[in-house]
1. Extending each Cα 7 Å along its Cβ direction at Leu70 and Arg10, get the distance between those two points in nm, one decimal.
2. First measure r as the distance between the Cβ atoms of Arg155 and Trp81, then evaluate 1/(1 + (r/R0)^6) with R0 = 22 Å and state the FRET efficiency to the nearest 0.05.
3. Lysine pairs, Cα distance under 30 Å, 8 or more residues apart or cross-chain: how many in the chain?
4. Give me Rg/Rg_expected for the chain, where Rg uses Cα atoms only and Rg_expected = 2.2 N^0.38 Å with N residues.
5. Over all pairs of distinct alpha carbons, what does the Kirkwood formula give as the hydrodynamic radius of region 52-98, in Å?
6. Sequence-distant or interchain residues sharing an amide H contact under 5 Å with His86, placed H: which?
7. Given a 1.4 Å probe, how much area per residue of the chain is accessible, in Å²?
8. What order do you get for 75-88, 132-145, 2-15 when each peptide is scored by the mean count of other beta carbon atoms within 10 Å, highest first?
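The values are calculated or read from the model by the stated rules, or taken from the named source; none is laboratory data. Computed from a predicted model, the values in this text were never measured in an experiment. Cβ: placed from backbone, ideal geometry, glycine included. Neighbour counts: every protein chain shown. Ligands, DNA and RNA are stripped out before the accessible areas are found, and what is left, the full protein with its side chains, is counted by its heavy atoms. Shrake-Rupley method; radii C 1.70, N 1.55, O 1.52, S 1.80 Å.
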Amino acid sequence: MKPLERPTRRALLVAHVATSVSWLGLALGLLTLGITASTTGDPDTTQAAYRAMKILTDRLIIPIALAALLTGVILSLGTPWGLARHQWIWIKFWLTLATLAATTLALRPTINAAVSAGVPDPGLVAAPSVASSAYFFMTVLSVLKPWGLTRRGRRLRTVRNLASSHKAVDGRSPAPTR
């Protein structure tokens, strides 16, 4: 992919950070509602909390998660960071896919069942807890950028270094002069 122009890269970065933080905030909201539904003695409150969780998951979580994934992939491909060059980006990518799949395939059906049943479900405290932890961990990775290059990243760096060491000295000859 062609490198992104600075204004485009900055706009995508803002969009990525905003959607990622929104995803974390939504997960914390779901956790709050799940705890409320599980700890209240009032069936009406339990039902209201699960209905609110349904609205958040049906209307916000999936679009926000997809936007975070899409902006992250475009940023990684349009900048020198690359998608599979650095461990922290590669881990964020796979964690994003895993949490998006878990939200779509497990959390939403569980919330729908809880709305129908109207009784506390401990899984609706556990799932948002795990999701919030995963999103917080991805935030830490974005800030600290640990672990260095992937195997592919090391290989690409070696190839690039070899190519630059074979550049012509005077710009005209095909190999360095000796």
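1. Spacing of the two 7 Å Cα→Cβ label points: 2.3 nm.
2. After rounding, the FRET efficiency stands at 0.85.
3. Within the chain, the lysine pair count is 5.
4. Relative to the 2.2 N^0.38 Å estimate, the chain comes out at 1.42.
5. 11.6 Å
6. Counting only residues 5 or more places away or on other chains, the set is Thr150.
7. 60 Å²
8. 75-88, 132-145, 2-15
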